[in-house]
């Protein structure tokens, strides 16, 4: 479970997240929606401390994952990022072979045994329904795959380090509708095992796959509730305006 | 007033650019053909494998071939790790800022410095102060300093062009900074880094002024890193300058050009093999 209390984030002078309080439940899909620049990607990058890479970022408040404060001063950053994996907007596969892409994570975690690595790679590819399609092609360059398969591969690459939480930052925005549908199916399948937080511009997507939805505006979390509630009977007028397409 | 049709402008632009390209290639081809025409008849097995006799008027150029390769190899072995290391430091560890700009500016200045200045420095510092004498060691170290800026700058550009997303993904998988650099950033930047190294080899192998001061001009076969040697470029220079033998001078130049072409050819083949593997 992810829990934030009075979370504030500043980029230098810019107040990017304002007093965000939310609870994300385990093993469900939570979608964050809102217009561009509302801070939903920033919020996502709080959960694996990716914002630390940007200079001038300051955070106040608490972020707990499974009751552990992830912003403690002596926290193991790499262990956190292993536990909280991230899928990016563009399917950024490494210019390496398919096998080496998936085995990269386990390798940096010290697994060198070839049989173990093969097993991990196979299981991870199986987890994203790629194993059969790519049988015997694992030595091929990952960049030769279609965009959709590349994005699946990126997810497989994450699964290989056995995360608990999957953060997805508009994972389908570079894909066509058919590929998007396949990735969505995959996400629904994956929620049995993982806690998934997805940031999306696509409200239909949020409605289709998410169990809970958070609506953000100008750095504030306006509303957070069950998907059906948000889309049929939102409590806040701003949410209602946004989902009915009156702005954003 | 008359108006030029857009199509005519296109044709003119195309022709001018084509002409400029042809001029560039033509100059290159002319130089190479000119040297080859004068030097090719000197080429023979004995020219390549015999020691030099009578100051170069007779015999072959084997000691100079060996000397050239040793000096160049030594300089590359020294300069590549230092250059790539600095480039990594500059791009991955300094966050932009003043230090990086100052070092980059310094590297650019060094790259534009006349090579004879490096020669003089090498002579005073390595040959005299450190008592290395005229030797492959002094020559190699001097050349290493000379080509360092080239390697740093090209490696820096290559590393900077690695998409930041790769680094983020590596971190997001729990990779540390060093894992990310060694396993992701460097392999991705390798073709660019290699280009810098090739440029460095080209500069080092054909250098005259910097090595004549530091490696000397001995015609003996080098026996160790402390032997003085006369590189092909220096040999060519002395043969021509002192009027010892123009045919032998052209022969030497031909061999030097062939060696450079060979090194470039092999390096580019290696690079393509690497690139085509994953792209």
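By other beta-carbon atoms within 10 Å, ranking A:14, B:213, B:2 with the fewest at the front produces B:2, A:14, B:213.
Overall size of region A:1-137 from C-alpha positions, given as principal axis extents largest first: 51, 35, 30 Å. Based on the Cβ-Cβ distance from residue A:174 to residue B:268, what FRET efficiency comes out when R0 is 35 Å, to the nearest 0.05? With R0 = 35 Å, the Cβ-Cβ based efficiency is 0.60. Over chain A, with a single point scatterer placed on each C-alpha, what log10 of the ratio I(q)/I(0) does the Debye formula yield at q = 0.09, 0.10, 0.17 1/Å? Debye curve over Cα of chain A, log10 I(q)/I(0) at q = 0.09, 0.10, 0.17 Å⁻¹: -0.40, -0.49, -1.30.
Length available on full extension from residue A:164 to residue A:28: 0.36 nm per residue minus the Cα-Cα distance, which gives 47.8 nm. Considering only A:178, A:29, A:155, the mean-square fluctuation computed in a Gaussian network model of chain A, springs between alpha carbons under 10 angstrom, is largest for A:178. Go ahead and run the numbers for FRET between residue B:101 and residue B:157, Cβ-Cβ distance against an R0 of 22 Å, rounding to 0.05. FRET efficiency, residue B:101 to residue B:157: 0.90. Using the Cβ-Cβ distance between residue A:1 and residue A:218 with R0 = 30 Å, the FRET efficiency computed as 1/(1 + (r/R0)^6) comes to roughly 0.70. Summarising the label geometry, the points placed 7 Å from Cα in the beta-carbon direction at residue B:3 and residue A:12 lie 4.8 nm from one another. At q = 0.06 Å⁻¹ the log10 of I(q)/I(0) for the protein assembly as shown amounts to -0.46, computed by Debye summation with a single uniform scatterer per C-alpha, solvent ignored. Note on residue B:260 and residue B:190: their simple-model spin labels are 2.8 nm apart, each label 7 Å out from Cα toward Cβ. Neighbour counts of C-beta atoms inside 10 Å place A:86, A:50, B:132, B:246 in the sequence B:246, B:132, A:50, A:86, starting with the fewest. D by Stokes-Einstein for region B:1-69, Kirkwood Rh over Cα pairs, 25 °C, 0.890 mPa s: 152 µm²/s. The modelled label-to-label distance for the pair residue A:228/residue B:27, using points 7 Å beyond Cα in the direction of Cβ, is 7.8 nm.
Going by a ≥ b ≥ c, the root eigenvalues of the Cα gyration tensor, does chain B fall in the rounded group (a/c under 1.5), the prolate group (a/b larger than b/c) or the oblate group? Oblate shape, in that a/c is at least 1.5 and b/c is the bigger or equal ratio. Distance from the Cα centroid of region A:47-91 to that of region B:86-148 is 41 Å (rounded to whole angstrom).
Panel values: region B:38-132, Kirkwood radius from alpha carbon pairs, Stokes-Einstein at 10 °C and 1.306 mPa s, translational diffusion coefficient 92 µm²/s. Extension gain, residue B:275 to residue B:50: 0.36 nm times the residue separation minus the Cα-Cα distance gives 77.0 nm.
Using a Gaussian network model of chain A in which every pair of alpha carbons under 10 angstrom is joined by a spring, one finds that among A:175, A:53, A:166 the greatest mean-square fluctuation is at A:53.
All of the numbers you see were taken from the coordinates with simple rules; none came from a lab. A quick note: this is a predicted structure, and the numbers were derived from the prediction, not measured. Methodologically, a virtual Cβ is constructed for each residue, glycine included, from the backbone with ideal geometry; neighbour enumeration extends over all protein chains shown.
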